[in-house]
Amino acid sequence: MKQTVYDILKGKFLIADDAMKNWRMLLFLSFLAIIMIASSHNAESKVHEIARLNNEVRELRTQFVDGRTELMQLKMESSVIEKMTRKGIKRPTKPPQKIIVKE
């Protein structure tokens with residue numbers, strides 16, 4: 001048992017007569033490890049991309065709400081009247097009349 005452990009640590013199983021099957025297994029395991037590392041790296045990059053996009057969505061949603069609030073304040077009748085009085089346009093005293101064109 002002790003000699004077997006020393007042979008493994010020294011790498012004698014790689015230079016023995018039947019070492020070709022050991023080399024095949026090592027190459028196969030190395031290939032699987034490389035695929036696993038690449039897959040985890042790809043998944044990690046997608047997680048970072050999703051986090052970045054979520055932050056961007058939050059930012060755009062905030063801008064949308066701010067813009068909608070500002071638009072609602074600009075459309076209010078009191079703010080329109082105030083801006084028109086600054087430009088010299090007064091509020092009409094008579095209600096508007098509908099004009100009907102007959103052919």
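Readers should treat all values here as calculations from the given coordinates under stated rules, not as data from a laboratory. The structure presented is a predicted model; accordingly, all values stated were derived computationally and were not measured. All Cβ positions, glycine included, derive from the backbone under ideal geometry; neighbour counts span all protein chains shown.
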Residues that are in contact with a Phe, Trp or Tyr (Cβ under 9 Å, 6 or more places away or on another chain) and either among the charged types (D, E, K, R) or not in a helix (DSSP H, G or I) (or both), drawn from the stretch 1-24:
7, 12
If you scan the stretch 75-100, which residues turn out to be surrounded by 10 or more Cβ atoms within 10 Å (Cβ to Cβ) and assigned to a helix (DSSP H, G or I)?
79, 80, 81, 82, 83, 84, 85
